[in-house]
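All remarks here apply to the structure that follows.
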Amino acid sequence: QAQLVESGGGSVQAGGSLRLSCAASAYTYGSYCLGWFRQAPGKEREGVAAVDKYGGISYADSVKGRFTISKDNAKNTLYLQMNSLKPEDTAMYYCAAQGKANPYYDCGYSPGTGSEYDYWGQGTQVTVSS
């Protein structure tokens, strides 16, 4: 019965920044993988960034150097700092959490596709104008 709630989305100009937050209830952020995903209309879901229970971090190539994922286990909150935003970053952004261990998926190496995760938030819209 874990619940995830995203916030922090909005509309910005290209080159601007946003910070997304994901607050969890009935879930301990120190247990399994946590990730950020995005999906634009007509496109497949894309893994953006992920962090494992040890603090290992992975990013999609398209956001490396611009986005930073972090978590506060004590507050059960996940963050995504997005800098140097581009129009192609426009999408609905979702946070996700694993509900069980998966020895075949290393979220410290790859954000994955989303199928590796069990709990999802409702999403927050990010729109970047040129």
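Numbers below:
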quantity	calculated
Residue that is among the small types (Gly, Ala, Ser) and either within 17 Å of GLN122 (Cβ to Cβ) or surrounded by fewer than 15 Cβ atoms within 10 Å (Cβ to Cβ) (or both), where the choices are ALA49, ALA91, ALA60	ALA91
Residue among ARG19, ARG38 that alone is at pLDDT 95 or above, open to solvent by 20 Å² or more (accessible area, probe 1.4 Å) and either in contact with a Cys (Cβ under 6 Å, 6 or more places away or on another chain) or in a strand (DSSP E or B) (or both)	ARG19
The lone exception for LEU78 - which of (1) farther than 15 Å from ALA96 by Cβ; (2) open to solvent by less than 20 Å² (accessible area, probe 1.4 Å) it fails	(1)
Residue within segment 98-119 that is aliphatic (A, V, I, L, M) and without any contact (Cβ under 8 Å) to a residue 12 or more places away in the chain present	no
Hits in segment 111-130 - residues which are within 27 Å of ALA14 (Cβ to Cβ) and either small (Gly, Ala, Ser) or in contact with a helix residue (DSSP H, G or I) (Cβ under 7 Å, 6 or more places away or on another chain) (or both)	GLY114, GLY121, GLY123, VAL126, VAL128, SER129, SER130
Number of positions in segment 108-122 that are of a type in the set (Gly, Ala, Ser), surrounded by 18 or more Cβ atoms within 10 Å (Cβ to Cβ) and either at positive phi or not in a loop (DSSP other than H, G, I, E, B) (or both)	1
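The values are calculated or read from the model by the stated rules, or taken from the named source; none is laboratory data. Keep in mind that this is a model prediction, so the values were computed, not measured. We place every Cβ from the backbone using ideal geometry, glycine too, and count neighbours over all the protein chains shown. In case anyone asks, the SASA skips ligands and DNA or RNA and just uses the protein heavy atoms, side chains included. Shrake-Rupley method; radii C 1.70, N 1.55, O 1.52, S 1.80 Å.
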